[in-house]
Amino acid sequence: MRLHVIARGKIGRSPEAELVARYEKRIAWPCKLTELPETGGNIPPPITPCRTVLLDERGKQLSSEEFAHLLGRWRDEGVRETRFVLGTHDGHGDAARAEADLLFAFGKATWPHLLARAMLMEQLFRATAILAGHPYHRAG
């Protein structure tokens, strides 16, 4: 299953960009990063079947293990692509929230957009490591 991170705004050269690149290299699953301008731009068509996850402050909070098991279940059900969408500073509209398969939050705190992107990449690496039985994740 391809993991596709779609984010509004350019990350440029920054410490966060270095973290994103570091985790992208470590993820064993196919992974794609798409940056869109703050407004407009076209999201590439999905590989179907597809799931869409919006990073949203109103979303569900999952442990790393729960997140990994969800991705593993989708993979095992034949989902070919899971899209993780980070919106603009104003977040996502009601229509996008209603269409998403999951609203996912990194807790109740508000996180800077670029840091949220790096945190997502780390969680994707962690989830795939959990599913592979890799010792990176130390549960308990």
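The values are calculated or read from the model by the stated rules, or taken from the named source; none is laboratory data. Not measured: the values here are computed from a predicted model. Reconstructed Cβ throughout: ideal geometry from the backbone, glycine too, with neighbour counts over all protein chains shown. Keep in mind that these areas ignore ligands, DNA and RNA; they rest on the heavy atoms of the full protein, side chains included. Shrake-Rupley method; radii C 1.70, N 1.55, O 1.52, S 1.80 Å.
A compact table of results
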quantity: The stretch 40-102, relative contact order in percent, only Cα pairs under 8 angstrom and at least six apart counted; calculated: 56
quantity: Residues whose placed amide H lies under 5 Å from that of residue 62, excluding near-sequence neighbours; calculated: 105
quantity: DSSP-defined beta bridges in the chain - what % are antiparallel, rounded to 5; calculated: 5
quantity: Peptides ranked, highest mean first, by Cβ atoms within 10 Å: ranges 123-129, 56-62, 112-118; calculated: 123-129, 112-118, 56-62
quantity: Centroid-to-centroid separation of the stretch 94-117 and the stretch 40-80 [C-alpha atoms, Å]; calculated: 12
quantity: Percentage, to the nearest whole number, of Cα pairs in the stretch 61-140 over 17 Å apart; calculated: 52
quantity: Expected-Rg normalisation [2.2 N^0.38 Å, Cα atoms] applied to the chain; calculated: 0.99
quantity: Sequence of 74, 111 when ordered by accessible area, the most exposed leading, probe 1.4 angstrom; calculated: 111, 74
quantity: Sequence of 89, 4 from largest to smallest accessible area, 1.4 Å probe; calculated: 89, 4
